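Working notes for the structure below.
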Amino acid sequence: TLLRSPDESKRNESVEKHKKWVDAAYDLGCHSIRVNTFGTNDPEIWNVVVQDGLKKLSEYAATKNINVLVENHGWLSSDAPKLMKAIEGVNMSNCGTLPDFGNWCIKREEGVRWGTCLEEYPDMYQGIQLMMPAAKAVSAKSYDFDADGNETKIDYYKMLQIVKDAGYTGYIGVEYEGSRLSEEEGIIATKKLIINASKKVN
């Protein structure tokens, strides 16, 4: 999306295009849409323009009782304090977050949206903790599993404790991005880990 484009005309155009997704979500009985905030990587400009884009879209979405959610999906959206500053600046009950356990790349080669990560947000657990108060959905991402079925990069027990401590009672989506297992096997392994870990949280 161009919800954070510094060009207001492009940003407004993006908002108008996203209204169709709000309408579709309403017709389908969904509670939320997820948006990206790609555009500028200047933090000061980003904070202003992303608030503007999100607020305009959220105002329309509110008329349909639809939430507008931002996932930590790379670049500045994966810098949890900056993302939360923007969400808090919008200050609308239907504008929230979709914390993803695994998306923490905040720097890649200039101009490249995906590809090799040069820098990650330093503490994924703190990042999830910061995002949870505004969370209206959660994405449990996995990459690979050890012999005991635990994720090799992410402590699911710690993550789910953070989710529970935040008082979250909504859905947890399952997402597998590994290559060793098939998509179906990876999804099943992730679901199994979520169930096992959830039994051990306090």
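The values are calculated or read from the model by the stated rules, or taken from the named source; none is laboratory data. None of the values given here were measured: they were computed from a predicted structure. Here Cβ is always computed from backbone atoms with ideal geometry, including for glycine, and neighbour counts include all displayed protein chains. Side chains are part of the model used for accessible areas, which takes the heavy atoms of the whole protein and leaves out ligands, DNA and RNA. Shrake-Rupley method; radii C 1.70, N 1.55, O 1.52, S 1.80 Å.
Going by the conditions given, is K55 within 22 Å of P133 (Cα to Cα), part of a helix (DSSP H, G or I) and basic (K, R)?
Criteria met by K55.
Considering G74, G96, G111, G115, which residue is modelled with pLDDT under 95 and under 22 Å from S32 (Cα atoms)?
Going through G74, G96, G111, G115 in turn, the sole match is G74.
Which of (1) surrounded by fewer than 16 Cβ atoms within 10 Å (Cβ to Cβ); (2) at pLDDT below 95; (3) farther than 25 Å from P133 by Cβ is the odd one out, the single condition P43 does not satisfy?
(3)
In the stretch 46-65, what count of residues is obtained for those that are among the hydroxyl-bearing types (S, T, Y), open to solvent by less than 40 Å² (accessible area, probe 1.4 Å) and touching a residue at least 40 places away in the same chain (Cβ under 8 Å)?
Just the residues of the stretch 46-65 that are among the hydroxyl-bearing types (S, T, Y), to begin with: 58, 60, 63.
Right, trim to open to solvent by less than 40 Å² (accessible area, probe 1.4 Å) and you get 58.
Adding the requirement that they be touching a residue at least 40 places away in the same chain (Cβ under 8 Å) leaves none.
The total comes to 0.
Looking at the stretch 15-40, which of its residues are surrounded by fewer than 15 Cβ atoms within 10 Å (Cβ to Cβ), among the small types (G, A, S) and not in a helix (DSSP H, G or I)?
Selection gives G29 alone.
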